[in-house]
Amino acid sequence: MTNLTRRTLMQAAAATGLAGVFASRSAFAADEPLGIALVVPSPVGDVGWAHALAVGLEPVKAAYGDKVKVTIIENVAEGPDADRIMNKVVADGAKFLIAGSFGYQNGALQIARRDPSVSVLHASGFQVAPNFSPFAAKYFQGTYLLGMAAATLSKTGKLGSVSAFAIPELITSINAFTLGAQAVNPNIEVSVVWVNSWFDPAKEQEAAKALIAQDCDVIFSNAQDTPSVISACEEAGVYAFNLNSSMKKYAPKTYLGCVTTDWSPFFKASVDAHLAGTFKGQNAFLGMADNVVEVVDWNPNIPADTMTKIKEIEAKIADGSFSPFTGPITKADGSEGVAAGATLPDSDIIAMNWHVKGVATPLPK
């Protein structure tokens, strides 16, 4: 596996020119290994979103060996640079592209439309094409459960979330966290700080400290690729949890748990389909039933009776008999979000752009 940086790719593109890069495609032989490129907005490191995506490719490498060549390009900011880098790796022969950030959508979709022989997976988006599949995790299934635990342990009734960007995937995670907490304590209030970054340790730490100063005694690190929030909470003696991969080693005392994501079943099935010529673009919204989402590292301070209830709900979420987004649910503005007895379909959850009652911070304009 090759790990590259934004700088390396941009230097190569500048040296050859994109026209020369695209001209080199004809030299790619059909019997060469399948080129798989993963592009991510932050360092792969040992925790977080980028790390979880990289780990998800390990079973693909184990299954296919030298029949695949995996390249990971780290620290690629959303925007023109990402577009150029994705074009570069495809021009160099990659036929399977994993665009690992919401803001890569337009550039990755253009690649898919221009070259039907390339299969593209795009993280957290909504566009679909014959060779272009958006994929996202049903984090909300796990954050609902952690909300139950948070409300049980909270002494102030105030919870917080340091969140990356106000995209539906993260909005639903906050909403389910709030609803799970309200199932234990209906008066729970959740405050949110949007840092507008996937990777900004200093800003994330400042946001966590600001929430703690507001008496939030459980903090949800919502899609940070660093342990900054978790570490700040450990130092302050405040419970915290996160998404994608365990950060327990950074908070051995106050770590509440983690909503992990295992992308390997989805990545392996998608590569299988590409090689078989059967890849079909579709919206992959994956959760517990797909063996993608799991809650791990539960804090031992959670009372036994609460854990029993959590495990009961977890089983119902996994078998489809319960959804965190079953009404009645009221929006933060007081209007009806979900009618009593109704359950939001995945299509509405994927597009969610409103907060539930109890989230005190308005969504950014």
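The values are calculated or read from the model by the stated rules, or taken from the named source; none is laboratory data. As the structure is a computational prediction, the values presented were derived from the model and not from experiment. So basically every Cβ, Gly included, is an ideal-geometry build from the backbone, and we count neighbours across all protein chains shown. Accessible surface is based on the protein model in full, side chains and every heavy atom, while ligands, DNA and RNA are left aside. Shrake-Rupley method; radii C 1.70, N 1.55, O 1.52, S 1.80 Å.
So the values come out like this:
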item	result
Antiparallel content of DSSP bridges confined to the chain, in %, to 5	15
Under the Debye formula (equal points on every Cα, no solvent term), log10 I(q)/I(0) of the stretch 163-257 at q = 0.21, 0.23, 0.24 Å⁻¹	-1.07, -1.28, -1.38
Residues listed by number, the stretch 79-112, amide nitrogen under 19 Å from ALA273 label point at 7 Å toward C-beta	95-101, 105, 108-112
Calculated FRET value between ASP215 and GLU235, using beta carbons and R₀ = 25 Å, to 0.05	0.90
Accessible surface of the chain [probe 1.4 Å, protein heavy atoms]: carbon and sulfur percent	52
Fluctuation leader among ALA232, ALA166, ALA315 - the chain, Gaussian network, Cα springs under 10 angstrom	ALA315
Residue among ALA340, ALA149, ALA236 with the largest mean-square fluctuation in a Gaussian network model of the chain, springs linking Cα atoms under 10 Å	ALA340
Spin-label model distance (nm) - ASP333 vs ALA129, 7 Å beyond Cα toward Cβ	3.4
Centroid-to-centroid separation of the stretch 256-326 and the stretch 54-90 [C-alpha atoms, Å]	24
Surface/4 of the Cα convex hull for the stretch 44-104, nm²	4.4
Sorted peptide list for 183-192, 128-137, criterion being average Cβ within 10 angstrom, highest first	128-137, 183-192
Geometric extent, Cα atoms of the stretch 252-365 - Rg, Dmax (angstrom)	17.9, 51
Å² per residue, accessible surface of the chain at 1.4 Å	41
Gaussian network model of the chain, Cα within-10 Å springs - most flexible of ILE310, ILE171, ILE219	ILE310
Using alpha carbons only: equivalent-ellipsoid semi-axes of the stretch 319-362, gyration tensor based, whole Å	19, 12, 9
Reach of LYS158 by Cα under 14 Å, taken over aspartates and glutamates that are not fewer than 8 positions away in the same chain	GLU189, ASP215, ASP217
Residue-averaged 222 nm ellipticity for the chain, from DSSP H runs of 4+ at -39500 (n - 2.57), nearest 500	-12000 deg cm²/dmol
